[in-house]
Amino acid sequence: MNKTTLEILNDPALLAVCEAHFRRLSALYAGETPERPFLLCGIGRVTHDGALDWEAWLEESLDALAAHAKVAKSRRAFRPLSVAWGAYGVHFIDHLFGAEVFELEGGWQAHNLDAPVGQLERPDLETIPLWTSLRAFARAFVERQARGALLGLPTIASALNIAVNLYGQRILEAMILEPEAARHDLRVINGVLCDLHRWYRANVPEEQLQCVIPAMRCQPPGYGQICGCTCQLLSGQLYREFIAPLDAEVLALYPRGGMIHLCGAHTQHLPVWREMRELRAVQTNHRAADDLERYFHELRGDQVLYVAPYEKMPLQRVLEITGGRRLVVQTGPRQLAHFLEIADRGLS
């Protein structure tokens, strides 16, 4: 990273715009209704390469972000700059537990473990080269002092997501047939997830720390995130009994709680999520967005909704349901101009 890049990423004008958007976002979390819809369209540099030359990639990425700094100064949409080494994508934690992670058709997959449910042992993180490299990457990011950029975490996910990655349907069967075995392994997984979050919170400034995919799920400083994709496979009772306490434990590590990501049919869990004080935001993709009306009316008034509009849930319908309250609209660059036209009309 050259001197010019550092100057650009510490430009007072860039920092002022970012701080202004964070104030608007914090106000939204505090219950205020904005004058216009809050649009989030971040600019991120992300790689899922598990064997990355991270030093060269970090330098290249910061230079690339600096080239987008002018666009990031938009006051009409929040366009945070971020960098994330999301090693192995959603299978990062599987790798730490010794699962074979492999590349398939441009993405990452993992083979299930052969061991029976109930015998999972905590990995010695200090002996895993990838975790050593990820920590070095995070420290190097902090040392650059590029204050206009955010650091996104690898996908730490959630205990249920990881358990299903490791065991497939066997973990679901164990919740019914061998509940103590299932609880044991879920607790072991959650303990590792919590330790990873603790490390990042202790070593990265809060104002630059974001969980997974900050370009589209950016929250005010001090919020965490879990991935709830797989909980669509559970009944409300099984989630309440086995998973909800673990999800709440992860979010409680952050001073203001945090978000759950959803991408399927999950409304059976609305009563639990309404009660979960640590849960402050719900992010809905595709099928999950179809149930926006239920999420808006059945969650608490202090729980924010991040919505990615699509053909079945267009932005106009999103605004009809929410009136812009408790709402962050996620948009990609292709949709941004159209969404800005709608947002500029305000919420009257």
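Quick grid of which residues meet (1) touching a residue at least 24 places away in the same chain (Cβ under 8 Å); (2) over 27 Å from I43 (Cα atoms):
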| position | (1), (2) |
| --- | --- |
| G106 | no, no |
| A110 | yes, yes |
| D114 | no, yes |
| L125 | yes, yes |
| S133 | yes, no |
| A146 | yes, no |
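Return yes or no: is V250 of a type outside the set (S, T, N, Q), crowded, with 22+ Cβ neighbours inside 10 Å and not in a helix (DSSP H, G or I)? Break it down stepwise before answering.
On the way: of a type outside the set (S, T, N, Q): yes; crowded, with 22+ Cβ neighbours inside 10 Å: yes; not in a helix (DSSP H, G or I): no.
Considered against the rule, which asks whether it is of a type outside the set (S, T, N, Q), crowded, with 22+ Cβ neighbours inside 10 Å and not in a helix (DSSP H, G or I), V250 comes out as no.
It is to be established whether one or more residues within segment 45-62 are open to solvent by less than 20 Å² (accessible area, probe 1.4 Å), aliphatic (A, V, I, L, M) and within 17 Å of V304 (Cα to Cα).
There is no residue in segment 45-62 that is open to solvent by less than 20 Å² (accessible area, probe 1.4 Å), aliphatic (A, V, I, L, M) and within 17 Å of V304 (Cα to Cα).
Please note which strands (runs of 3 or more DSSP E) are completely contained in segment 10-112 and include at least 2 residues that are over 23 Å from C211 (Cβ atoms) and more than 21 Å from the chain's Cα centre (by Cα).
101-104
Under 8 Å between Cβ atoms, which residue pairs at least 6 apart in sequence (or on different chains) link something in segment 192-211 that is more than 17 Å from R144 (Cα to Cα) and of a type in the set (K, R) with a partner that is modelled with pLDDT of 95 or more and buried (at least 17 other Cβ atoms within 10 Å of the Cβ)?
R198/L253; R201/L209; R201/L253; R201/Y254
What about V272, is it modelled with pLDDT under 95, among the β-branched types (V, I, T) and open to solvent by less than 30 Å² (accessible area, probe 1.4 Å)?
no
Out of the residues in segment 301-348 that are among the basic types (K, R) and open to solvent by 50 Å² or more (accessible area, probe 1.4 Å), which is farthest from P214 (Cα to Cα)? Spell out the reasoning first.
Of all residues in segment 301-348, those among the basic types (K, R) come to 312, 317, 325-326, 334, 345.
Now drop any that are not open to solvent by 50 Å² or more (accessible area, probe 1.4 Å), which leaves 312, 317, 325, 334, 345.
Values: K312: 24, R317: 25, R325: 21, R334: 18, R345: 27 Å.
The residue in question is R345.
Does segment 279-286 include one or more residues that are closer than 24 Å to A27 by Cβ, charged (D, E, K, R) and surrounded by 16 or more Cβ atoms within 10 Å (Cβ to Cβ)? Walk me through it before giving the result.
Restricting attention to segment 279-286, the residues satisfying the condition of being closer than 24 Å to A27 by Cβ are 279-284.
Filter once more, so that each one left must be charged (D, E, K, R): 280.
Those left that are additionally surrounded by 16 or more Cβ atoms within 10 Å (Cβ to Cβ): 280.
Among the residues of segment 279-286, at least one is closer than 24 Å to A27 by Cβ, charged (D, E, K, R) and surrounded by 16 or more Cβ atoms within 10 Å (Cβ to Cβ), which makes the answer yes.
Look at segment 218-239 and say how many of its residues are buried (at least 17 other Cβ atoms within 10 Å of the Cβ) and assigned to a helix (DSSP H, G or I).
6
Does at least one position in segment 290-298 carry a residue that is of a type in the set (A, V, I, L, M) and closer than 18 Å to E32 by Cβ? If you could, list the steps in order and put the result at the bottom.
Filtering segment 290-298 for residues of a type in the set (A, V, I, L, M) gives 292.
Pick out the ones that are also closer than 18 Å to E32 by Cβ and you get none.
Scanning segment 290-298 turns up no residue that is of a type in the set (A, V, I, L, M) and closer than 18 Å to E32 by Cβ.
Report yes if L39 is surrounded by 20 or more Cβ atoms within 10 Å (Cβ to Cβ), in contact with a strand residue (DSSP E or B) (Cβ under 9 Å, 6 or more places away or on another chain) and aliphatic (A, V, I, L, M), otherwise no.
Numbers: surrounded by 20 or more Cβ atoms within 10 Å (Cβ to Cβ): yes; in contact with a strand residue (DSSP E or B) (Cβ under 9 Å, 6 or more places away or on another chain): yes; aliphatic (A, V, I, L, M): yes.
So L39 fits the description; yes.
Which pairs turn up if I take residues in segment 216-237 that are within 15 Å of C18 (Cα to Cα) and look for partners that are small (G, A, S) and open to solvent by 20 Å² or more (accessible area, probe 1.4 Å) with beta carbon separation below 6 Å, at least 6 apart in sequence or on another chain?
P220/S26
What number of residues within segment 194-253 satisfy the criterion of being out of contact with any Ser or Thr (no Cβ under 8 Å at 6 or more places or on another chain) and among the β-branched types (V, I, T)?
Within segment 194-253, residues that are out of contact with any Ser or Thr (no Cβ under 8 Å at 6 or more places or on another chain) and among the β-branched types (V, I, T) number 2.
Is at least one residue of segment 95-117 under 21 Å from G222 (Cβ atoms), modelled with pLDDT of 95 or more, open to solvent by less than 60 Å² (accessible area, probe 1.4 Å) and not basic (K, R)?
Narrowing segment 95-117 to residues under 21 Å from G222 (Cβ atoms): none.
Checked segment 95-117: no residue is under 21 Å from G222 (Cβ atoms), modelled with pLDDT of 95 or more, open to solvent by less than 60 Å² (accessible area, probe 1.4 Å) and not basic (K, R).
The values are calculated or read from the model by the stated rules, or taken from the named source; none is laboratory data. Since this is a predicted model, take the numbers as computed values, not measurements. Every residue, glycine among them, receives a Cβ derived from its backbone with ideal geometry; neighbour counts consider all protein chains shown. The accessibility values were calculated without ligands, DNA or RNA, using every heavy atom of the protein model including side chains. Shrake-Rupley method; radii C 1.70, N 1.55, O 1.52, S 1.80 Å.
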